[in-house]
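Reading through the structure tokens given below for one structure.
The values are calculated or read from the model by the stated rules, or taken from the named source; none is laboratory data. Bear in mind the structure is a predicted one, so any value in this text is a computation, not a measurement. Here the Cβ positions follow ideal geometry from the backbone for every residue, glycine too, while neighbour counts run over all protein chains shown. Please note that ligands, DNA and RNA were not included when accessible areas were found on the heavy atoms of the full protein model with its side chains. Shrake-Rupley method; radii C 1.70, N 1.55, O 1.52, S 1.80 Å.
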Amino acid sequence: MSPPAQPGVPGGRGSKVPPARKLLCMCSLSLCLTYLCYSLMGGGAGPGALRSPAALPGTAAPGAPRSPAALPGTAAPAAPRSPASPPGSGSGAPAPSAAPTRASNGSREGAAGAWPRTPLAPGEVITAQSGAFERDPQESSTTDDELSRAGSPGSRGGGGSTTPDYGEKRLPQALIIGVKKGGTRALLEAIRAHPDVRAVGTEPHFFDRNYEKGLEWYRNVMPKTLDGQITMEKTPSYFVTNEAPRRIHSMAKDTKLIVVVRNPVTRAISDYTQTLSKKPEIPTFEVLAFKNRTLGLIDASWSAIRIGIYALHLENWLQYFPLSQILFVSGERLITDPAGEMAKVQDFLGLKRIVTEKHFYFNKTKGFPCLKKPEDSSAPRCLGKSKGRTHPKIDPDVIHRLRKFYKPFNVMFYQMTGQDFQWEQEESDK
Ligand SMILES: Nc1ncnc2c1ncn2[C@@H]1O[C@H](COP(=O)(O)OS(=O)(=O)O)[C@@H](OP(=O)(O)O)[C@H]1O
């Protein structure tokens, strides 16, 4: 089901997508304008507030496309480089983590200490073109046993499967790189139902947290495959990890990348809901979402907000991978039309369309589609309790402000991907 073309959105249905490079220039220009607006709105704001890159000493004039390498504190090159040093050899290893997490303001200092935030030093800013947001070291998606068999809890180990262990362990040819809370688990479990796909059940976090362990460690994590089978894994935090594109490119430049994207406002609430379930003492979403609520200044240093600025993260990936090597799956359609989204995924992976509507049924109790025949079982299976949580009710005014905040970034993302996800047209969040 293709979305209708949106007026003023090049790349909507029917329009040709210009080359990625040209798009990046357009996007950079748009970003500068957007940031200029935010700068005017909150120029005196504290660290973590969005400011125009033009305000930064030594930065280029607005509109001048820049590689992340040109920005202070970043190292990514503007174009794919020759393979990086092997993991564990020194230069390819993860950089030491940045400054310790800082409380964002006095009013919520106590609780904010326990809450993941971007560690920015005083005076540091997030720039539009860097694609180089610092990340919370603890940012993670669920790694628990996320599947539940109808009637009995399921469990899957690192190998992720109870199917016979034939073949050999190989590095993955395709990765689900994000986004956190986008629907990545649902996608992985659905694609695992394909006989030509084998995947790790847990998240290896190789390209963010475990890179120093080396490629042999990574290979060992993988299930065995036969010739012609595709090895996959999913780690949603890759999408927002600066080093991930370079590292994945240096492993294999033809790696296929899949990103499940979801309305960033709903995604942020889902992210918050997950943390709330583990730390009930955290401040409300409304409190965490703002640097200054009176001024309407959104706190983009909060990971729940930052992850949803998809255009900025994508820019980082486009330095290394052509758009044709990245598939964007709609998290919304993965729920309303799982078979339709799976058809696109199978086409993208060069697989026969075997996972079809026959594989899914809608489970009324769960409120989501579930798999009739998962990879390792003949019993129907829904995802576990950590998927499809009830979200807390969020102040509609905050939702409205967040929608306004994300809109220019969403439009830019539609332009970059050539796909209109229609998040602006959604009437209400879950
Ligand atoms: N079939 C099915 N069953 C259950 N849940 C589904 C399904 N398809 C998509 N989703 C949505 O997936 C959201 C969780 O996303 P992720 O799996 O990417 O989360 S995580 O990053 O791995 O923690 C989860 O978010 P929440 O609803 O906020 O819990 C779901 O909305």
Checklist outcome for this item: Subset of segment 270-315, residues more than 27 Å from G388 (Cβ to Cβ) and either of a type in the set (A, V, I, L, M, F, W, C) or touching a His at 6+ places or on another chain (Cβ under 8 Å) (or both), comes to F290, L295, L297, A300, A311, L312
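If you scan segment 325-337, which residues turn out to be open to solvent by 20 Å² or more (accessible area, probe 1.4 Å) and within 16 Å of the ligand (Cβ to nearest atom)? So that I can check it myself, show each step before the final result.
Initially, segment 325-337 is screened for residues open to solvent by 20 Å² or more (accessible area, probe 1.4 Å), giving 325, 327, 332-333, 335-337.
Scanning segment 325-337 gives L327, E332, R333, I335, T336, D337.
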Checklist entry - Which of the residues belonging to segment 295-341 are out of contact with any Asp or Glu (no Cβ under 9 Å at 6 or more places or on another chain) and closer than 16 Å to R192 by Cα? => result E341
Next on the checklist: Can you find a residue that is in a loop (DSSP other than H, G, I, E, B) and surrounded by fewer than 19 Cβ atoms within 10 Å (Cβ to Cβ) anywhere in segment 309-324?
Outcome noted: yes
Checklist outcome for this item: Checked segment 162-177 for anything open to solvent by less than 10 Å² (accessible area, probe 1.4 Å), among the β-branched types (V, I, T) and more than 9 Å from the ligand (Cβ to nearest atom); matches are I177
Next on the checklist: Anything in segment 234-251 that is over 20 Å from G201 (Cβ atoms), crowded, with 23+ Cβ neighbours inside 10 Å and of a type in the set (S, T, N, Q)? List them, or say none.
Outcome noted: T241
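Tell me which residues, restricted to segment 178-211, are of a type in the set (A, V, I, L, M) and within 11 Å of the ligand (Cβ to nearest atom). I'd like the intermediate steps shown before the answer.
Step one: list which residues in segment 178-211 are of a type in the set (A, V, I, L, M), which gives 179, 186-188, 190-191, 193, 197, 199-200.
Residues satisfying the conditions are V179, A186, L187, L188, A190.
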Checklist entry - Quick one: A343 ticks every box in (1) away from the ligand (no atom under 12 Å from the Cβ); (2) more than 25 Å from T231 (Cβ to Cβ) bar one, so which box is it? => result (2)
Checklist entry - Within the set of pairs 6 or more residues apart or between chains, which connect a residue that is closer than 17 Å to A252 by Cβ and more than 16 Å from the ligand (Cβ to nearest atom) inside segment 222-234 to a residue that is part of a strand (DSSP E or B) and of a type in the set (A, V, I, L, M, F, W, C) with Cβ atoms less than 7 Å apart? => result Q229/V197; I230/A174; I230/V197
Checklist entry - Which pairs have Cβ atoms under 8 Å, sit 6 or more apart or on different chains, and link a residue in segment 293-304 that is closer than 18 Å to I282 by Cα and among the aliphatic types (A, V, I, L, M) to one that is modelled with pLDDT under 95 and assigned to a loop (DSSP other than H, G, I, E, B)? => result A300/G48; A300/A49
Checklist entry - Out of (1) over 19 Å from I177 (Cα atoms); (2) open to solvent by 10 Å² or more (accessible area, probe 1.4 Å), what's the single condition that is false for W302? => result (2)
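Every residue, every condition in (1) modelled with pLDDT under 95; (2) open to solvent by 10 Å² or more (accessible area, probe 1.4 Å); (3) more than 18 Å from K169 (Cβ to Cβ), yes or no:
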position	(1), (2), (3)
M232	no, no, no
K253	no, yes, yes
R267	no, no, yes
Q274	no, no, yes
P280	no, yes, yes
V287	no, yes, yes
Next on the checklist: Residues that are within 22 Å of L334 (Cα to Cα), at pLDDT 95 or above and open to solvent by 50 Å² or more (accessible area, probe 1.4 Å): does segment 184-197 have at least one?
Outcome noted: yes
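Tell me, which strands (runs of 3 or more DSSP E) wholly within segment 346-407 include 2 or more residues that are under 24 Å from the mean Cα position of the chain (by Cα), within 11 Å of the ligand (Cβ to nearest atom) and buried (at least 18 other Cβ atoms within 10 Å of the Cβ)?
On the way: elements: 360-363, 368-371, 381-383.
Passing ranges, in order: 368-371, 381-383.
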Next on the checklist: Give all pairs with beta carbons closer than 6 Å in which a residue from segment 383-394 that is under 9 Å from I269 (Cα atoms) meets a residue that is modelled with pLDDT of 95 or more and open to solvent by 50 Å² or more (accessible area, probe 1.4 Å); count only pairs at least 6 apart in sequence or on separate chains.
Outcome noted: none
